[in-house]
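Contents: one structure, followed by commentary.
No value in this document is a laboratory result; all are computed from the given coordinates. From a predicted model like this one, the values you see are computed outputs, not experimental measurements. Glycine gets a Cβ as well: all are built from the backbone with ideal geometry, and neighbour counts include every protein chain shown.
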Amino acid sequence: MTIGIIYGISVGPGDSELITIKGLRIIQSVSVVAFPAGIGDKQGIAETIISPWLKPNQHKLALEFPYVRDETILKQAWLQAANQVLPYLQQGIDVAFACEGDISFYSTFTYLAQTLQQIYPQVKIEFIPGVSSPLAAASGLGLPLVTVGASLIVLPAIYNIKRLKATIEFADVVVLLKVNSVYHQVWEVLNDLGLLDSAYVIEKATLPDEVIYRGLRNLPNLKLSYFSLLIVTK
C-alpha cells in the first residue's frame with residue numbers, strides 16, 4: 001500500500017513572496033493543503049499567505065489549534081488534527097501543511113507530526129525550511145541580526161520574563177517573541193539596563209500593515225498585537 005507524504009511547508013512570516021521555490025512547488029503539486037484554522041470567520045495567517053498560490057481544484061483543510069497553554073486541551077486538538085489528516089495519507093494522497101514562519105521554529109506542525117507518528121508509525125514526513133520571524137524583522141529594520149562574534153538568544157517572552165535581565169546581560173542580541181502580553185515588564189527591564197534606545201519592536205513583520213518602533217524610551221505602554229517581537233542589541 002502506498003502511503004502519502006505529509007509535508008511541513010514553511011511559508012514565512014507574512015509576505016506571500018517569501019515562500020521558497022521548493023515550498024511553493026510542493027504546495028501547488030498536492031491535492032490537499034492543510035493549515036491552522038483562523039479565529040472565527042477570519043483566515044489564519046498561514047492560509048492568507050498561501051491563498052494567492054492555491055489552485056481552484058485543491059482541497060483546503062483547516063485544522064483547529066487552540067491558543068491555550070493547557071496541555072490536555074492541546075493534546076486533544078493535536079490528536080483531532082492528526083485524525084483529520086490521516087485518512088488522506090492512508091489513501092496514498094500527499095498533504096501539504098502550511099505553517100507560518102519556519103517549520104522547525106516554535107511550529108504547530110511539530111506537534112501534528114509527532115502525533116501522527118504516534119498513531120501511525122508508517123507515516124512519511126518531510127520538513128521544508130523557510131524564513132522565520134526574527135530574520136524577517138531584522139530585514140525590515142534594515143539591520144543585521146548578528147555580526148561576527150556576536151551571541152544571539154531567542155526567547156518566547158511570556159515564558160521567560162523572570163530570566164530576562166540575566167539573558168540580556170549575557171547575550172549581545174536578544175529577540176523576544178510574542179512580547180505583547182509582557183511588553184511593559186520588558187520595557188522596565190530595558191529601562192533599568194539603559195537599553196531602551198537600542199531596542200526595536202516589529203509588529204506583523206513583512207505584512208502590509210507592518211509597524212516598526214525604533215527606540216522605546218518614550219513608549220512604556222505600547223498596545224501590541226499578538227504577532228509582535230522585540231529585538232535588543234548592545
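So for each of 113-119, 128-134, 159-165 I average, over its residues, the number of other beta carbons within 10 Å; can you give me the resulting order with the highest mean first?
Peptide ranking by packing, descending: 128-134, 113-119, 159-165.
Using the Kirkwood radius over Cα pairs, work out the Stokes-Einstein diffusion coefficient for the chain at 4 °C and 1.567 mPa s, in µm²/s as a whole number.
Once the numbers are plugged in, D ends up at 68 µm²/s.
Distance from a point 7 Å along Cα→Cβ of GLN84 to each backbone N in the range 1-33: keep the residues under 15 Å and list them by number.
Answer for this model: 32-33.
Reachable lysines from LYS42, Cα under 23 Å, same-chain residues fewer than 8 places away excluded?
LYS55, LYS60, LYS178, LYS204, LYS223
Using only C-alpha atoms and all pairs of different ones, pull out the Kirkwood radius for the range 152-234 in Å with one decimal.
Mean inverse Cα-Cα distance, inverted, gives 12.4 Å.
Just TYR120, TYR111, TYR200 to compare: in a GNM of the chain, with alpha carbon springs under 10 Å, which one fluctuates most?
Top of the fluctuation ranking is TYR120.
LYS162 to TYR120: FRET efficiency via 1/(1 + (r/R0)^6), r the Cβ-Cβ distance, R0 35 Å, to the nearest 0.05?
With R0 = 35 Å, the Cβ-Cβ based efficiency is 0.30.
Go ahead and collect, in residue order, the members of the range 118-159 whose backbone nitrogen is under 19 Å from a label point 7 Å along the Cα-Cβ direction of THR110.
118-119, 125-136, 152-159
Report the Rg/Rh value for the range 5-128, based on alpha-carbon coordinates and the Kirkwood definition of Rh.
Reported Rg/Rh (Cα atoms, Kirkwood Rh): 0.93.
Connecting C-alpha atoms closer than 10 Å in a GNM of the chain, tell me which of LEU224, LEU61, LEU143 has the biggest fluctuation.
LEU143
Please report, in whole Å, how far the alpha carbons of the range 1-77 spread along each principal axis, starting with the longest.
The Cα atoms of the range 1-77 stretch 38, 36, 21 Å along their principal axes.
May I ask for the net charge around LYS42, where only other residues with Cβ less than 15 Å from the Cβ of LYS42 are counted and Lys, Arg are +1 while Asp, Glu are -1?
Summing Lys and Arg as +1 and Asp and Glu as -1 gives -3.
Less than 13 Å Cβ to Cβ from VAL95, Lys/Arg counted +1 and Asp/Glu -1: what total charge do the surrounding residues give?
Net of charged neighbours comes to 0.
Just the Kirkwood number for the range 100-204, please: inverse of mean 1/r across all distinct Cα pairs, in Å, one decimal.
Roughly 15.8 Å, rounded to one decimal.
Label the range 121-177 by shape, choosing from rounded, prolate and oblate, from the square roots a ≥ b ≥ c of the eigenvalues of the Cα gyration tensor; if a/c is under 1.5 it is rounded, and otherwise prolate applies when a/b is larger than b/c, oblate when it is not.
Since a/c reaches 1.5 but b/c is at least a/b, the shape of the range 121-177 is classed as oblate.
For a protection proxy built on the mean count of beta-carbon atoms within 10 angstrom, sort 208-221, 96-109 highest first, please.
96-109, 208-221
Taking amide H atoms as placed 1.01 Å from N in the peptide plane, list the residues 5 or more away in sequence, or in a different chain, whose amide H sits under 5 Å from that of VAL154.
VAL175
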